[in-house]
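What follows is a short report on a single structure.
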Amino acid sequence: MNQHAPTSTKELYTHCVLGTYGRFDLQLARGEGAFVWDESGKKYLDFGAGIAVCSLGHCHPEVTRAVVAQASTLVHTSNLYYTRPQAELASLLVSRVGDGRVFFCNSGAEANEGLIKLSRKFGAATGDRHEVITFLGSFHGRTMTGISATGQEKVKTGFAPLLEGFRHVPFGDLEATESAITPATVAILVEPVQGEGGIHIASREFLQGLRALCDKHNLLLLFDEIQCGLGRTGDWCGWRTIAGTDAEPDAVSWAKGIANGFPLGAFWVRDKAFAGTGGEVRLPSLLGPGSHGTTYGGNAVTCAAGLAVFSIIERENLLLHAKETGASLAKKIRAIGSPLVKEVRQIGLMVGIEILPSLMDLPADAPLPSIVATLEAMQQGILVIPAGEKVIRLLPPLNIRETEIQEAVEKLAAVFRSLETRSSGTSAS
């Protein structure tokens, strides 16, 4: 027997799992509500929620019952057949967004792939167009299409040649966006809230302006709501939290919070007529039989989870709760008054805390300031999500309690005090 065979979870990962993630040294064993426990039994307040995925916290009993009931009835059939849970979930999404059709997949990257394929089909139907405008700081997934669309160079390194047909312009800059439109442009793809980019929130005027540009130039307006959609901002549609109904898109992608941790993504296509080269065409018809597909997408179990999530959010009025609680959380964080905090950006239960690296006095070989802050938060018993060099994100469950908000604020205050002490070169009292 090999006496040096790996035994711990971390060792098994080291020997058997590709090192594609910069994992934190934390081996999680179980979760309940807004809390998780590691293998040693230490308890953490989880304000990352699996990167905005666990909308109702960990192991919500009603979601669990729905999944167990469906798993003991019918798990998977492929998309060669009809299943009731998928039909009902599609109907719910259409009723919240508008007349159109939904495609179910397994992830946000796949949902965005569908939006890009839709735009290519639209370009072919209206002339020879294929270019999509996206924005600096954006993140649209890690497929070859996703990294090509993403406006961050760090995700592209080593993967050239990228998929041709994307132009990146500054987020929020309507003039630069219009200047980037060429005869080959077919669509504009934007996150109403840049999550991975650090919780940067589009203005009402920007989203309205994009809608006007698309109408003017016969382009599709595509919203990536993987992180900000389905309740996270306090509305089923994140863009409506910002712009009301004055910037309605032609298609939207979702994932993350749609099924509380079960792998499900989706995109919606508006039922909209347009003049094609061969006559009038309806937008959803561009993706007909054989044009797109997935074996697992929208299977009965994941859709049952999604149906339970929708039911609970509506019954418990969690959209309003997300708006009010998120505003309260941001206000309390600002009230801490830490000199390390440059800005707190918030919309619903998406909160970005931008740190001033110049005040942290980090050695040259230290991790990024956002990582340093995230590691300190772990020490204080709270999980947060880093975003770029200097932002930590808070993405707690939509049903987070006031007592848990207060606990989080106290832990964050301890994080800032520790970092301030470390920066000043003095020892903690």
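Some observations on this one:
- Test: residue in the range 58-80 that is within 30 Å of Trp268 (Cβ to Cβ) and in contact with a Leu (Cβ under 6 Å, 6 or more places away or on another chain): no
Rundown of residues vs (1) modelled with pLDDT of 95 or more; (2) touching a Lys or Arg at 6+ places or on another chain (Cβ under 7 Å); (3) surrounded by fewer than 23 Cβ atoms within 10 Å (Cβ to Cβ); (4) among the charged types (D, E, K, R), yes/no style:
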residue	(1), (2), (3), (4)
Glu225	yes, no, no, yes
Asp235	yes, no, yes, yes
Phe267	yes, no, no, no
Gly278	no, no, yes, no
Val281	no, no, yes, no
Gly293	yes, no, yes, no
Ala300	yes, no, yes, no
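For every residue, the table says whether it meets (1) over 19 Å from the mean Cα position of the chain (by Cα); (2) in the same structural domain as Gly238 (by TED's automatic domain parsing); (3) crowded, with 16+ Cβ neighbours inside 10 Å.
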residue	(1), (2), (3)
Lys332	yes, no, yes
Gly348	no, no, yes
Ile353	no, no, yes
Val384	no, no, yes
Glu389	no, no, no
Ile392	no, no, yes
Asn399	no, no, yes
Gln406	yes, no, no
Ser418	yes, no, yes
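- Strands (runs of 3 or more DSSP E) lying entirely in the range 340-429 (those with 1 or more residues that are of a type in the set (Asp, Glu)): 341-347, 350-355
- Residue within the range 171-190 that is surrounded by fewer than 19 Cβ atoms within 10 Å (Cβ to Cβ), within 19 Å of Ser291 (Cβ to Cβ) and not aromatic (Phe, Trp, Tyr) present: no
- Pick from the range 148-173, criterion of a type in the set (A, V, I, L, M) and within 22 Å of the chain's Cα centre (by Cα), ranking: nearest to Glu389 (Cα to Cα): Val155
- Residues satisfying the criterion are absent from the range 321-333 (criterion: in a loop (DSSP other than H, G, I, E, B) and either touching a strand residue (DSSP E or B) at 6+ places or on another chain (Cβ under 8 Å) or closer than 20 Å to Val53 by Cα (or both)).
- Taken together, Ser370, Ser338 contain a single residue that is among the hydroxyl-bearing types (Ser, Thr, Tyr), within 19 Å of the chain's Cα centre (by Cα) and under 24 Å from Glu420 (Cα atoms), which is Ser370.
- Residue within the range 271-293 that is touching a residue at least 40 places away in the same chain (Cβ under 8 Å), among the polar types (S, T, N, Q) and assigned by TED's automatic domain parsing to the domain that holds Leu394 present: no
- Taking (1) surrounded by 10 or more Cβ atoms within 10 Å (Cβ to Cβ); (2) under 21 Å from Ile51 (Cβ atoms) in turn, Asp25 satisfies each apart from (1).
- Filtering the range 111-138 to residues that are of a type in the set (D, E, K, R), out of contact with any helix residue (DSSP H, G or I) (no Cβ under 7 Å at 6 or more places or on another chain) and not in a helix (DSSP H, G or I) leaves Asp128, Glu131.
- Number of the condition not met by Cys59 [criteria: (1) within 30 Å of Asp235 (Cα to Cα); (2) in contact with a His (Cβ under 8 Å, 6 or more places away or on another chain)]: (2)
- Subset tally (residues that are farther than 21 Å from Ser91 by Cβ and either surrounded by fewer than 15 Cβ atoms within 10 Å (Cβ to Cβ) or among the hydroxyl-bearing types (Ser, Thr, Tyr) (or both)) for the range 240-265: 3
- The residue that is nearest to Gly290 (Cα to Cα), counting only those in the range 73-91 that are aliphatic (A, V, I, L, M) and surrounded by 18 or more Cβ atoms within 10 Å (Cβ to Cβ), is Ala90.
- Within the range 360-376, residues that are under 15 Å from Val391 (Cβ atoms) have Cβ atoms under 7 Å from residues that are surrounded by 15 or more Cβ atoms within 10 Å (Cβ to Cβ) and among the hydroxyl-bearing types (Ser, Thr, Tyr) in these pairs: Met360/Ser423; Glu376/Ser418, counting only partners at least 6 apart in sequence or on another chain.
The values are calculated or read from the model by the stated rules, or taken from the named source; none is laboratory data. Note that this is a predicted model, so its numbers are computed, not measured. Cβ sites come from the backbone with ideal geometry, for glycine too, and all protein chains shown count toward neighbours.
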